[in-house]
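Read through the structure below, which is laid out as C-alpha cells, and then see the notes.
The values are calculated or read from the model by the stated rules, or taken from the named source; none is laboratory data. From a predicted model like this one, the values you see are computed outputs, not experimental measurements. Virtual Cβ from ideal backbone geometry, glycine too; neighbours counted across all protein chains shown. Heads up: the accessible areas ignore ligands, DNA and RNA and are worked out on the full protein's heavy atoms, side chains in. Shrake-Rupley method; radii C 1.70, N 1.55, O 1.52, S 1.80 Å.
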Amino acid sequence: MQKIMVLFVCAIALSGFFGISGSVSAQPYQGENLNRGLVGIPVDGGFRLSWRMFISDRQDMPFDLYRSTDGGNAVKINDVPIVKTSDFKDVGADLTKDNVWTLKSAGKVLATWSRKAGEPAVPYISVPIQKPEPRKIFGTQQEYTYSANDATVADLDGDGDYEIVLKWEPSITKLPPASGYAGATYIDAYKMDGTRLWRIDLGHNIRSGPPTTQFLVFDYDGDGCAELCCKTADATVDGVGTVIGNPEADNRIADVEDPTYGKVNLGPEFVTVFDGKTGKALDTQEYIPLRYPLDSWGGWGGNGLTDNLGERSDRFSAGVAFFDGKTPSPFFVRGWYGRIVVAAWTFKGGKLEPLWVFDSSEKRWAGYSGMGNHSVSVGDFDGDGFDEACIGSMIVDHDGNGLFTTKLRHGDALHAGDLVPSHPGLEVFGVHENEDNTIQFGTPGFAVYAGKDGQILWTAAPGEDIGRGVAADIDPRFEGAECWGTMVADRADWGGLRSCTTGEVVSRSIPSSTNFIIYWDADPYSELLNGVSISKWNWNTESTDVLMNGEGVRANNGSKSNPCLSADIFGDWREEVIWSDTNSTELRIYTTDIPAVNRMPTLMNDRMYRLAIAWQNVAYNQPPHQSFDMVAKFKEIENSSR
C-alpha cells in the first residue's frame, strides 16, 4: 500500500476549533506541520476514507473526494461537499482494481491515498518491520531473541507524515530487584511504508526492562523534525554506527555471588539526543542525577523499605513538557518510592543543557519523597500557560519548584485530565499501594485531587492495595469521568464503578478490563482497550460489549497487556491502535470502521494529549487524556452548527 501526501496544512490559529470558546478549556498545540493524514480501509459495502481536521479549520470547510481507477480519469464520488464530518464511505469502489483517491478543498489537492488491486481486505495498515536476529548476551553464550514492544510517533523528517519509533525488547529482561544479565535494547525508526530510517543499540550497559528505557521523541529545537532523547551509557551505538562513551567498558556486576550480579551499578550514565532522520547522536551529557549513593533512594512510598542494591536507584520515568509555554523540554525522573529527582533539559543549537533539577531530598521539599508513580502526566495544571510535571501524588511546577504534594504516596496507575467538568481546571485520579510497612498509614486506595492546588476531592478504600485503576467518561448517566480499579468488585462497602465527581458508587458492576481506553466509535465516551480487543461499557445492561478483536496480533508487557501505541495517528479525531503481529514482522495500525457523526480537530492539536503520546511508553504504560471534556466539546460543536 502506498499513500502520497502532497499538501501540508499548518494549524496556525490560537483560538479554539471553529472559533469555539467558553466552557471547554483546551490547551492548543500547533507545533507540528502535519498534512491531512488521509487513510483508507475496506469496510462492509465499500471503502472508508478519513482525514485530519485542524484547529485552524472552519467548521464548514468543504471537502471533495475523487477516485481514479486503473489510471483512468478521476471522478468525484461525493454528490455534495463533505462539511459535517471528515470521513466518507466510497460505495462504488472496485477493490479488484488499482484505485487512487484524491482529497480536495476549494479545488486544491490536499492528499491522496492509493490501493493496489488484490491487496488483502484487512481493517489495518501494515508497516513491515525488521526483526533483529537472535543475539548472545554480551560476554556470555546465553542467547536471546527480540519482540516488538512499545512505540511512539513523530514527524522525524519534516514531510508532514508521522514516522514510528519502536523499541525492540529482548526475551531476557530484568526488573530492578532481580539479579542476572539482560539482553540489549534496540530502538528503530520506520516510515509508514516500512522503510527503516535507523537503528540504535543501547548496549549491554543499559539494563533492559520497563523501568529503565524511556524514549522521548519530539521536535525539541523547532526545526520541523523530531529528535529522540533517552538515557545512554558506555557502548551505546547510534544510528550511524558511532559508539557513545567507552566501547570496551563492561559496567555490569560480574560476580555471580554478589546480590547485585548483572546490574549496572558502576560506570558513567548519559543522556543523549539523537537526530530523527539518521539516528546520529547529536549531543551527550552526563545524566542527572547519578545513581550514587545507592542507599539514598529509600522512603515510605511503595513497601516503605530501602536498599543499597541498585533497585530503587534504577526506577525511571520521563516526559516532555512546555515548561516555558513555548519550548518542549525532555525531563527524566529517577526514583519512585522514596527520593525523587526530576531533571529538565533543553536542546537548542545542537546542545543539550540542564534547565532545572528538583530533588525531594532537599529540606524544603520534605513531604515529596515517596510520591512517585510508575508513570507521569503533563499538563498546565495550575492554569498559568506553562506545563507542570505530575509525578503521581505530587506535581513539580514549570520552574522546577514543588507545586504541591498530596502525601497520598506511591501508586501504579495515573490518569489526569478534565475528569470533573464542574470543577475548574484539571483533576488527577490515582490508585495507591498499601502493603507491608505502609499499611499502617491507611492511605486511600482511590483518590481524586485538583491539579491546580492538590485539594483532595474525595478518597476511598483506606489501607487497601489497589494495583490498577482507570478514569474515563464511559457512562452518560453521570457527570464527567467514572473510575474503577482492580480487586474491589467484591467489596460491598466501596467496590464498583465510581463517579469521579462525587466519589459515590454508581454501579456495583465494573467494566471487564482495567487497562487502556480509546476513542473508537462516534460518540464522546471512551471505549476500553485491553489486550488485543476493544470493548464498550453498556450503561443499559451495566456490562461490557466487545466491538472488535485484533487477529494475529499480540499485546505487550505481560500482565500490563498494552498495545505498542494508542494515539490519533491519522484520519479523523478517533484514535488508532498499533499492535505487532505475533511474529514481530509487521506493525498493524487499526483504525475505526465506524462512520463519524461530526468533525473535530485531531487530538494531536491538544497539547496535553500530544505530550501524552510522547510519554505513553514510559515505565508502566498509561493511556493518553486530552485537556478538555469531550462531551462538552461535542455539545459546543453541535450548537455552533445550528
Exercise. Looking only at the stretch 558-596, which residues are surrounded by fewer than 22 Cβ atoms within 10 Å (Cβ to Cβ) and of a type in the set (Asp, Glu)?
Worked result: 581, 586, 593
Exercise. How many of the residues in the stretch 494-543 are open to solvent by 30 Å² or more (accessible area, probe 1.4 Å), part of a strand (DSSP E or B) and either hydrophobic (A, V, I, L, M, F, W, C) or in contact with a Lys or Arg (Cβ under 7 Å, 6 or more places away or on another chain) (or both)?
Worked result: 2
For this session: Could you look through the stretch 238-282, keep only residues that are part of a loop (DSSP other than H, G, I, E, B) and aliphatic (A, V, I, L, M), and pick out the one that is surrounded by the fewest Cβ atoms within 10 Å (Cβ to Cβ)?
Result: 256
Problem set entry | So residue 234, is it closer than 25 Å to residue 173 by Cα, in a loop (DSSP other than H, G, I, E, B), in contact (Cβ under 8 Å) with a residue 24 or more places away in the chain and open to solvent by 20 Å² or more (accessible area, probe 1.4 Å) | no
For this session: Among the residues of the stretch 342-358, write down those that are crowded, with 20+ Cβ neighbours inside 10 Å and either at pLDDT below 95 or under 17 Å from residue 317 (Cα atoms) (or both).
Result: 342, 343, 344, 345, 358
For this session: Would you please name the residue that is surrounded by the most Cβ atoms within 10 Å (Cβ to Cβ), looking only at residues in the stretch 151-172 that are under 22 Å from the mean Cα position of the chain (by Cα) and among the hydroxyl-bearing types (Ser, Thr, Tyr)?
Result: 152
Problem set entry | First in the stretch 64-86 and over 15 Å from residue 110 (Cα atoms), second anywhere and modelled with pLDDT under 95, Cβ under 7 Å, 6 or more apart | 83/60
For this session: Return a yes/no flag: does the stretch 300-314 have any residue that is at pLDDT 95 or above, over 21 Å from the mean Cα position of the chain (by Cα) and open to solvent by 30 Å² or more (accessible area, probe 1.4 Å).
Result: no
For this session: Read through the list (1) free of Cβ contacts under 8 Å to residues at least 12 places away in the same chain; (2) touching a Ser or Thr at 6+ places or on another chain (Cβ under 8 Å); (3) more than 22 Å from residue 575 (Cα to Cα), then give the number of the only condition that residue 545 fails.
Result: (3)
For this session: Determine whether residue 26 is modelled with pLDDT under 90, open to solvent by 20 Å² or more (accessible area, probe 1.4 Å) and in contact with a Gly (Cβ under 7 Å, 6 or more places away or on another chain).
Result: yes
Exercise. Just wondering, is there one or more residues in the stretch 394-415 that are at positive phi and either of a type in the set (Asp, Glu) or out of contact with any Gly (no Cβ under 8 Å at 6 or more places or on another chain) (or both)?
Worked result: yes
Problem set entry | Some residue of the stretch 211-224 being aromatic (Phe, Trp, Tyr), part of a strand (DSSP E or B) and at pLDDT 95 or above | yes
